[in-house]
Amino acid sequence: MKAVRAWVRLLLAAGPAVPLAPPPLTVVSIVPAPGSDYPFHPGNVTVTLSAPIDPATVTPSTCRFFRAGADGILGTADDVAVVPESVSVISGNQILMDLSGVALPNDFYRVILSGTVVSDPAAIARWALDESSGTIAIDSSGNGRNGTLVNNPARIAGKAGNALHFNGVDQSVDVADDDALSPHAGPSGEISLSAWVRMASLPPAA
Ligand SMILES: [Ca+2]
């Protein structure tokens, strides 16, 4: 009986009509490794990317698997699309192509991807409170929403860098009114806030 040897050669290429976008997304690694000769069915193919990928954009039409076909050359008209059982995102930045029930004849194979990265919402404002003096709290988001210290809160060491110590009475940082800071500004009528806060004591129970 003749041994059957599957040749799975994985080469990565951006498809001509569906290049990776946006450009910062790159392939970090792929299993089976590109160029490897695989003597058995790999079961699945895992592609690790440089950034989290939006699961909504990972589908059989954006994550495709091809083999070279009769001419033995990838990228020619007789290439054969191999349809995975499923494609999914694992660990945020990996694409898993389940090929467990898919026949893989001896051939050269490659993956063509066109999913998109998860877009991180741009900050509306960010105040590190790292200044060592003065009365300005610089907005490092680039949006110019600097704050002004009111009644001289003390500048102290913080969780990361410096911080402001408020007396809980009349000290604050004043930021000019701006529609973008409205809780109704976001596309879903919401905004997110995060901060490091250390309270000297908890407020009394109501
Ligand atoms: Ca071909």
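Scanning segment 147-175 for residues that are in a loop (DSSP other than H, G, I, E, B) and crowded, with 16+ Cβ neighbours inside 10 Å turns up Pro153, Phe166. Taken as a whole, segment 35-42 holds at least one residue that is away from the ligand (no atom under 14 Å from the Cβ), touching a residue at least 24 places away in the same chain (Cβ under 8 Å) and small (Gly, Ala, Ser).
Mind checking whether some residue in segment 110-129 is within 14 Å of the ligand (Cβ to nearest atom) and closer than 24 Å to Val47 by Cβ? Yes, some residue in segment 110-129 is within 14 Å of the ligand (Cβ to nearest atom) and closer than 24 Å to Val47 by Cβ. Based on what the data block shows, is Val82 more than 30 Å from Trp196 (Cβ to Cβ) and within 16 Å of the ligand (Cβ to nearest atom)? Yes: the conditions hold for Val82.
From the list Ser29, Ser61, the lone residue that is out of contact with any Phe, Trp or Tyr (no Cβ under 9 Å at 6 or more places or on another chain), modelled with pLDDT under 90 and either under 14 Å from Gly92 (Cα atoms) or outside any helix (DSSP H, G or I) (or both) is Ser61. What are the residues in segment 64-77 that are over 11 Å from Asp107 (Cβ atoms) and either in a loop (DSSP other than H, G, I, E, B) or not assigned by TED's automatic domain parsing to the domain that holds Leu99 (or both), if any? Within segment 64-77, Gly75, Thr76, Ala77 qualify.
The values are calculated or read from the model by the stated rules, or taken from the named source; none is laboratory data. Treat the numbers as computed from the prediction; the structure is a model and nothing was measured. Using ideal geometry, Cβ is built from the backbone for each residue, glycine included, and neighbour counts are taken over all protein chains shown.
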